[in-house]
Every structure is written in C-alpha cells, then in structure tokens.
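Reading through the structure tokens given below for one structure.
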Amino acid sequence: MNWKDKVTHVVDCGSRQSTIYTVKTDTTEVLGHDEVLNLPERLPNGSVVVAEKAHLGAERTQFSLSQPYTRDQLGDLYDRFEANQMELWLFPQRSTPRACAYSGLPKSDMNDPKSIYLLLKDFPEISMAKPPKNFDPSPKL
C-alpha cells in the first residue's frame, strides 16, 4: 500500500498526553488522552489514521505501561472510526526509534508522529495491522 498518498494523521500516546500529526498542514498538536477518543468525530470523514500498535492496538491491563485505554474504550473507538468511514492502521510496536533515526528528528512526543509518517512515506512496504476484532487470547494449538 502506498502510505504516502493515504495517511492523513498519525497519533502517538505518551505517558501524560498524546500528540497528533496532520499531514496536510505539517503540524503536530498536543491532545489529552481523552481527546484521542473523540477523533472519529473531530477528524474529517475518510481520514486515515496511523497509531503505534502498543497504544491503540492493545488494551490497558494492570501490567501495561503504554496502553492508555481499556478494551471497551478501544472497541468503541474502532466502531466510531468505521462509522465515520475512517481507517485506523497500527504501526509496528517498538519501531518509533527507527522512525526517529530515519527522519533525523530528535525523539520527542512532538516529533514522533511526524517521524512515523516520514518513514511510512518512504518505505510503503512496512507492514501495518488493522485493529483487533477482540482482545481475547487465541487458543494454543
């Protein structure tokens, strides 16, 4: 998939706040974690949003550090993205340092989402995932 022509926004969740990079305006904005849950109503219909799998693709548990949302919050978010004809794609976990190194931007909450976009733009073969259908563990075979 050619991410360069498709991605409209990249979201990154930090420990206390989130950031969103808007491709069209080349700007990064700080959001509260609660504001991320409102993105389906805030962004234009048809938006294509990328977020690191660790943040928007995994539920918060008692042992998690980088997952700000519960399974119910994420499920509702996924449903509302779909209802607004938006796509959410999950960037591979632990790949943000690679994106920052590639972009030449210092690693920071303000730069990380743009760094992810720049890596995707130049390496469209990076494999991303759709959000999970549920968070139940799959049975072992």
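A few notes on this one:
- Both numbers refer to the Cα atoms of the stretch 1-91; Rg and Dmax are 12.5, 38 Å.
- In this Cβ point-charge picture (+1 for Lys and Arg, -1 for Asp and Glu), the chain has a dipole of about 420 debye about its Cα centre.
- Solvent exposure of the chain amounts to 56 Å² per residue of accessible area, where only protein heavy atoms count and the probe is 1.4 Å.
- Length-normalised contact order of the chain in % [C-alpha pairs under 8 Å, at least 6 apart]: 28
- For Y21, the solvent-accessible surface with a 1.4 Å probe is about 10 Å², rounded to the nearest 10.
- Annotated for the chain: lysine pairs at least 8 residues apart or interchain, Cα distance under 24 Å, count 27.
The values are calculated or read from the model by the stated rules, or taken from the named source; none is laboratory data. Note that the structure is a prediction, hence the values are computed from the model and not measured. Neighbour counts are summed over all protein chains in view; Cβ atoms, including those assigned to glycine, are modelled from backbone coordinates with ideal geometry. Accessible surface is based on the protein model in full, side chains and every heavy atom, while ligands, DNA and RNA are left aside. Shrake-Rupley method; radii C 1.70, N 1.55, O 1.52, S 1.80 Å.
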